[in-house]
């Protein structure tokens, strides 16, 4: 999904794609992973390859690739529990309509609130059995999830404000 999302922004060479994936902060990815993925996407006709400058090939998304990208981006069954999967999707939110973005953010917030409640229960249940480092780690998890919920609340409020605002990005 990330490769298709990046190519949705415009054609790129393999090296550019690798660098953009790293820049997104999601992966320390090797060329040994990028190029096989590009070949699979090409075989599926989601991307096409053309000669670029020098020996480099240039990759671009096809109409089928755009359609497939949109389907997997907006897939209702997508993981909002998995932090990495959620972040990849968030990186390409500009290609979703506002209602879908809000739905994903709300679903992620629900998952985090459930984690917070579960972690607090574990903290109470294990307070007398875990050392201070383990307890500190558990508390850190709760605070991190609470900070993420506050961040999601801000994103949702911003999305709702921009939804009806003139000049708001519509896809």
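Among the residues in the range 71-81, are any part of a helix (DSSP H, G or I) and farther than 24 Å from residue 9 by Cα? Looking for residues that are part of a helix (DSSP H, G or I) and farther than 24 Å from residue 9 by Cα, one finds none in the range 71-81, hence no.
When the range 63-92 is filtered for residues that are closer than 18 Å to residue 111 by Cβ and more than 13 Å from the chain's Cα centre (by Cα), the ones remaining, listed by number, are 76, 77. Within the range 98-136, the only residue that satisfies the criterion of being outside any helix (DSSP H, G or I) and surrounded by 13 or more Cβ atoms within 10 Å (Cβ to Cβ) is 130.
Touching a residue at least 60 places away in the same chain (Cβ under 8 Å), part of a helix (DSSP H, G or I) and surrounded by 15 or more Cβ atoms within 10 Å (Cβ to Cβ): does that describe residue 89? Against the criterion (touching a residue at least 60 places away in the same chain (Cβ under 8 Å), part of a helix (DSSP H, G or I) and surrounded by 15 or more Cβ atoms within 10 Å (Cβ to Cβ)), residue 89 qualifies.
No lab work stands behind these numbers, since they all come straight from the coordinates. No experiment lies behind these values; they were computed from the predicted model shown. Every residue, glycine as well, gets a Cβ built from its backbone with ideal geometry; the counts of neighbours run over all protein chains shown.
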